[in-house]
Amino acid sequence: MTTTAAKSKVAIVDDEADMRESVAQWLQLSGFDPVVFESAEMALKALGPDFEGVVISDIRMPGMDGMALLRRLQSIDPGLPVILMTGHGDVPMAVEAMRIGAFDFVEKPFDPERLADLSRRAAEIRERTIETRALRRELADGNVLLRRLMGSSPSIEKLREQILDVAQADGHVLIIGETGTGKSLIAKALHAGGPRAARALVTVSCASVPPEQLEPMLFGGPDWPEKPLVDQADGGTLCLEDVEALTPAIQARLLDAINAADGAGPALNFRIIAVSSRFSAGSPPSEVLRDDLYFRLAGLILEAPALRTRGEDILTLFSHFTIQFAEEYGCEPPTLNAVDAANLVQAPWPGNIRQLINLAERAVLQTRRGDQNISALLIDDGFHAPAIPIDAEKPLKEHVDAFEKMLIDHALRRNQGSVSAVMAELALPRRTLNEKMAKYGLSRQDYL
């Protein structure tokens, strides 16, 4: 993959200046970012355990040779790919080097294209290794995951506090919320912040696996060749996404497994985090899961708030994702005018954060083409709410006032004039809301 090579570093270690410079020049032309070292000792001083590239080293060098360098690099980072350059008489030594961990070797005089191809394949593997390590570090750090739950709205602040508390409680958890609200991220944060963080987090989407395959996958069976998930999660966490997709038979077996774990002693064999988009306030649990299983899984409940209820968090998230995509596409992020900001906050967001991420990417691509009409993208998503008028000649305070009036007006419409509901939605005390309604000529009677 040339895209990987274009971003990959390669460290070239050779005591012969002509050789290392010619290899560096060829690999640079092939899209790599080479750095050269005239000795193994110099390379060791510069290469750390997370070097984001590949090492190419000669075997025959004064002082520390390529074999010794390989062993030292293996002790520093066993996942670092090392390609060895050998003379004809060094082939048996190179084969031994591969046995102890070298990625491959090339025999001098070698085909430059073969060396570039080997380097590309090694770079692809290295890139995946670095990404996996970063993910593991993230999953091991509950605070990193909590920071990804961005925003300052009361609902998201409350959720972060609940995650910290529930993570330590170690009981089974049910996470509910609409599609795209970040429930999987909450599950990872719960595991990472709890006493089982050092053990496995085993996740399965119950809706994506056929029931006849899901049952042996979870519990094993005579014809199932792999270790069942309940055993893989032993001592750790079993995360069941789309738990409502479990058949009655699988629900019964899961309940038996929970009861058996509970009966084995005070410490559970595994913690279950169930994730569902089907539960809603006031709906009977039996419409989704059998009652006895529901009450075992729902000892602790977390609800991911819908994006449309999070107010200015929408603008914070939109800005964050547009900056990320702008860096990826090499352009400036779009700027928001008052109309765009108002429409973003007022949009219904049926797809929640997932939908917002998609919109942010489209907005960046639109900006790269020289267009900036975020409200038009919202219309493409089916949002047709009236926008506030904007006049470039008006001072900022008038735009802010118009925006604030629109927010209160829309909240009153959604809540049919219920002042208490508007207070909760906009996080305003009653006196402040009354003052603002009077200021903007809004009467509760008009919304009943």
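The values are calculated or read from the model by the stated rules, or taken from the named source; none is laboratory data. These numbers were taken from a predicted model, which means no experiment stands behind them. Methodologically, a virtual Cβ is constructed for each residue, glycine included, from the backbone with ideal geometry; neighbour enumeration extends over all protein chains shown. Ligands, DNA and RNA are excluded from the accessible area calculation, which covers all protein heavy atoms including side chains. Shrake-Rupley method; radii C 1.70, N 1.55, O 1.52, S 1.80 Å.
Per residue, the chain exposes an accessible area of 50 Å² to a 1.4 Å probe, with every protein chain left in place. Seen against the Cα atoms of the chain and their longest principal axis, helix 112-140 is set at about 40 degrees. Only lysine pairs 8 or more places apart, or on different chains, with alpha-carbon atoms under 17 angstrom apart are counted in the chain, and they number 8.
Neighbours of R290 by Cβ distance under 13 Å: Lys/Arg scored +1, Asp/Glu scored -1, total -3. Rounded to the nearest 10 degrees, the inclination of helix 430-439 to the longest alpha-carbon principal axis of the chain is 80 degrees. Length, then width, then depth: along the principal axes, the Cα atoms of the chain run 94, 69, 34 Å.
The long axis of helix 313-329 is offset from the longest Cα principal axis of the chain by roughly 30 degrees.
Add +1 for every Lys or Arg and -1 for every Asp or Glu among the other residues with Cβ under 14 Å from the Cβ of S39, and state the total. Show your work: numbers first, answer last.
Numbers: positive: R20, K45, R60, R72; negative: D14, D15, E16, E38, E41, D58, D65.
Counting the neighbours of S39, the net charge comes to -3.
D409: net charge of surrounding residues, Cβ under 11 Å, Lys/Arg +1, Asp/Glu -1, itself excluded? So the surrounding residues net to +2. Taking 0.36 nm per residue of separation and subtracting the Cα-Cα distance, full extension of the segment from F403 to S205 would add 67.1 nm. Taking the 1.4 Å solvent-accessible surface of the chain as the whole, the part contributed by carbon and sulfur is 52%.
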